[in-house]
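S.K.: One structure, pasted below without further comment.
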Amino acid sequence: MKMLPATIIASTVVLGACAPEPVTRVETAVTVDSASTEALAMATGLPAEAVVAVSRTRNQHTVFYRGDAVTAEQVAAAPATICANTASTVFTADPVDTTGPQFSTGVQRMTVTCS
C-alpha cells in the first residue's frame, strides 16, 4: 500500500518537471487600418454603401453591413468572395441575429471562417 503513494508522488514530480513554464505575459497585436468603402466592397462582394466594418482574426472574418442595402443573393455570395481574397475556401458562414438592443438598428453581422 505504501508503494502506490510513492509512485504517484514520483509521477507528479516527473510530470511537473516536463510541464512548460507558466504563461506570465500574453502578447497581443492589434492592427487597425482605414480602408475605403470601395476596397471593403471589393473584399466582401457587398455594395460599398452597405459595408459598415470588417474585421479579421486569422482565418475568421466578421462583416457588419446594412441589411436594407443588400440583396439576399449578395449576402449569399459574400463568403465565397471573402475567402477567395485570401486564396482559401469557405469553411463556415454564419449570419448573426442582430435584433438585440446592443446592436444598431438595421446593421447585420456575418462571420465567415475560411479554410
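S.K.: If you take the residues of the range 54-106 that are assigned to a strand (DSSP E or B) and of a type in the set (Gly, Ala, Ser), which of them is surrounded by the most Cβ atoms within 10 Å (Cβ to Cβ)? I'd like the intermediate steps shown before the answer.
M.R.: Restricting attention to the range 54-106, the residues satisfying the condition of being assigned to a strand (DSSP E or B) are 54-57, 60-66, 90-96.
Filter again for of a type in the set (Gly, Ala, Ser), leaving 55, 93.
Values: SER55: 12, ALA93: 18.
My answer is ALA93.
S.K.: Would you confirm, using the coordinates I've provided, whether VAL90 is free of Cβ contacts under 8 Å to residues at least 60 places away in the same chain, within 20 Å of ASP33 (Cβ to Cβ) and not charged (D, E, K, R)?
M.R.: Values: free of Cβ contacts under 8 Å to residues at least 60 places away in the same chain: yes; within 20 Å of ASP33 (Cβ to Cβ): no; not charged (D, E, K, R): yes.
Judged against the criteria, VAL90 is not a match.
S.K.: Ok, one more. Which residues, taken from the range 32-49, are in a loop (DSSP other than H, G, I, E, B) and at pLDDT 90 or above?
M.R.: Within the range 32-49, the first condition is being in a loop (DSSP other than H, G, I, E, B), and the residues that meet it are 32-36, 45-49.
Across the range 32-49, the qualifying residues are GLY45, LEU46, PRO47, ALA48, GLU49.
The values are calculated or read from the model by the stated rules, or taken from the named source; none is laboratory data. The structure displayed is predicted, hence computed values, not measured ones. Neighbour counts are summed over all protein chains in view; Cβ atoms, including those assigned to glycine, are modelled from backbone coordinates with ideal geometry.
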